[in-house]
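To start, the structure itself, in structure tokens.
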Amino acid sequence: MDHYIKIPLIALVFFFARTQAISGSSMTLDTLPSVFMIGENEIEYEELVGNCNKLLLTVCNDSMDLAYRKWMGLLSDMEKYAEANDFDIKGIKIWLNVFWNTDGTIKHLVYYPKPNSRNMDFSKLSVFMDSFTEKYKMDFTYQKCFSHYGSAAFPTFADIYLGNQK
């Protein structure tokens, strides 16, 4: 009789351990690098996209103008940070997916160079962006993490656009 109880009990313990491992996989986000290229960390990236599914546009109350100004503000700040740190990003063209924390700080920045981007050592770009993410904070908050997937080309000439909007 003990034999018949042990097998289901072992299966039950294995099931709960497996369920805990799967449901606890969101904890891997803590070990996910703050900056990486699309194609790296694929499983964690997919999970991040699913968990942080509020869009910048939604956070901006569906105002395309406000969301675009926030996006251009981020790119402008990145450009200014590059200039201040003597890092040349002119000619870089990338696809960029930014994930913000609820307090407006950057949780993760994921990018991929476009085919017509200036050629460079992109590991240096990752180091630069990692430093930028530590310093940057958007000027508003939201109750949940949010994200935006877009394109960036430097120089942005964002100040021309942003200057006309003030």
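Miscellaneous remarks
- Straight-distance crosslink candidates among lysines, where the alpha carbon sits under 29 Å from Lys54 and sequence neighbours closer than 8 are dropped: Lys70, Lys80, Lys93, Lys107, Lys114, Lys135, Lys137, Lys144, Lys166
- Sorted ascending by nearby beta carbons within 10 Å, beginning with the fewest, Glu44, Glu83 become Glu83, Glu44.
- Residues Arg118, Arg69 arranged by fewest to most Cβ contacts within 10 Å: Arg118, Arg69
- Cα convex hull volume per residue for segment 32-164 (Å³): 106
- For Ile92, the residues 5 or more places off, or on other chains, whose built amide H falls under 5 Å of its own are Arg118, Phe154.
- Contact order for segment 39-114, expressed relative to its length and based on alpha carbon pairs under 8 Å spaced 6+ residues apart, stands at 17 percent.
- Pairwise centroid distance, computed over Cα atoms, of segment 59-94 with segment 106-166, Å: 5
- Rounded to the nearest whole Hz, the Karplus-based 3J(HN,Hα) values (6.51 cos²θ - 1.76 cosθ + 1.60, θ = phi - 60°) of segment 111-124 follow the sequence 9, 8, x, 7, x, 9, 6, 4, 6, 7, 7, 6, 5, 5, with x at glycine and proline.
- Residues Trp100, Trp71, Trp95 arranged by fewest to most Cβ contacts within 10 Å: Trp95, Trp71, Trp100
Every number here is computed from the coordinates shown, using simple stated rules; none is lab data. It should be emphasised that the depicted structure is a prediction, and the values quoted were computed from it without experimental measurement. Positions of Cβ are backbone-derived with ideal geometry, glycine not excepted, and every protein chain shown enters the neighbour counts.
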